[in-house]
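Colleague: Have a look at this one before I ask anything.
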Amino acid sequence: DSGVTQTPKHLITATGQRVTLRCSPRSGDLSVYWYQQSLDQGLQFLIQYYNGEERAKGNILERFSAQQFPDLHSELNLSSLELGDSALYFCASSVATGTGVYNEQFFGPGTRLTVL
Amino acid sequence: DQQVKQNSPSLSVQEGRISILNCDYTNSMFDYFLWYKKYPAEGPTFLISISSIKDKNEDGRFTVFLNKSAKHLSLHIVPSQPGDSAVYFCAGQIYNQGGKLIFGQGTELSVKP
């Protein structure tokens, strides 16, 4: 158990819908990262938050957004869903921002999103 | 732009023998490299890391070797055990880019009894 929790475990929805994935980082970790793992792709970095502020952005679609709340939990919002958004979405957390220091990340169990 | 590549999608090894998983990278800005192990229906679990200024790091049965001139790293597992069967991902990290990990595609290791 990494200490990172993600809900829900599974999500099935229809095209055009909007969903919210939730992540609670390990106790004491200030950074949260979101990754997407599709069938034909490896783990792709989406976005990072550090202590409530956006720190880094990957190839995240404009239909996707995220935020980190004062209690440090994070939510990833996916809207206007398409079939191709079906994937595993992982959240990871770490103590530091990753700037200038080695930064081990601990991953949650993931949310499997299926868009029908 | 695949900055980290794991060219072998799968590897099968006999229990007790050595497993060697390979990873190539193109971005010479990486400061750290990490290996993660992933079981089905679970998130990736950190295994071992190596700084770009080192050429070897060892932790029990796991050793990672880094060849900067060849932009190549490898993970050695000795001896391999059936419980090591999983997908292994290597990842690169650049300090001043927030700590995001750039992952390879993964190699599925199967250790047969």
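Colleague: May I ask you to list the residues in segment B:87-108 that are among the aromatic types (Phe, Trp, Tyr) and more than 8 Å from chain A (Cβ to nearest Cβ)?
Modeller: Scanning segment B:87-108 gives a single hit, B:Tyr88.
Colleague: Further, regarding this structure: Restricting attention to segment A:12-27, which residues are open to solvent by less than 40 Å² (accessible area, probe 1.4 Å) and under 18 Å from A:Phe64 (Cβ atoms)?
Modeller: A:Thr13, A:Val19, A:Leu21, A:Cys23, listed by residue number.
Colleague: Can you list the strands (runs of 3 or more DSSP E) lying wholly within segment A:13-116 that have 2 or more residues being among the aliphatic types (A, V, I, L, M) and under 20 Å from B:Tyr95 (Cβ atoms)?
Modeller: A:43-50
Colleague: Kindly indicate whether any position in segment B:85-108 is in a loop (DSSP other than H, G, I, E, B) and under 10 Å from the mean Cα position of the chain (by Cα).
Modeller: yes
Colleague: Specify the residue that is surrounded by the most Cβ atoms within 10 Å (Cβ to Cβ); the eligible residues are those in segment B:56-89 that are in contact with an Asp or Glu (Cβ under 9 Å, 6 or more places away or on another chain) and closer than 22 Å to A:Cys91 by Cα.
Modeller: The residue in question is B:Tyr88.
Colleague: Okay, moving on. Tell me, please, whether a residue that is in contact with a helix residue (DSSP H, G or I) (Cβ under 9 Å, 6 or more places away or on another chain), loosely packed, with under 15 Cβ neighbours inside 10 Å, at the interface with chain B (Cβ under 9 Å from one of its Cβ atoms) and more than 26 Å from B:Pro9 (Cβ to Cβ) can be found in segment A:52-75.
Modeller: Among the residues of segment A:52-75, not one is in contact with a helix residue (DSSP H, G or I) (Cβ under 9 Å, 6 or more places away or on another chain), loosely packed, with under 15 Cβ neighbours inside 10 Å, at the interface with chain B (Cβ under 9 Å from one of its Cβ atoms) and more than 26 Å from B:Pro9 (Cβ to Cβ), which makes the answer no.
The values are calculated or read from the model by the stated rules, or taken from the named source; none is laboratory data. Keep in mind that what you see is a predicted model, and the values were worked out from it rather than measured. Every residue, glycine among them, receives a Cβ derived from its backbone with ideal geometry; neighbour counts consider all protein chains shown. The accessibility values were calculated without ligands, DNA or RNA, using every heavy atom of the protein model including side chains. Shrake-Rupley method; radii C 1.70, N 1.55, O 1.52, S 1.80 Å.
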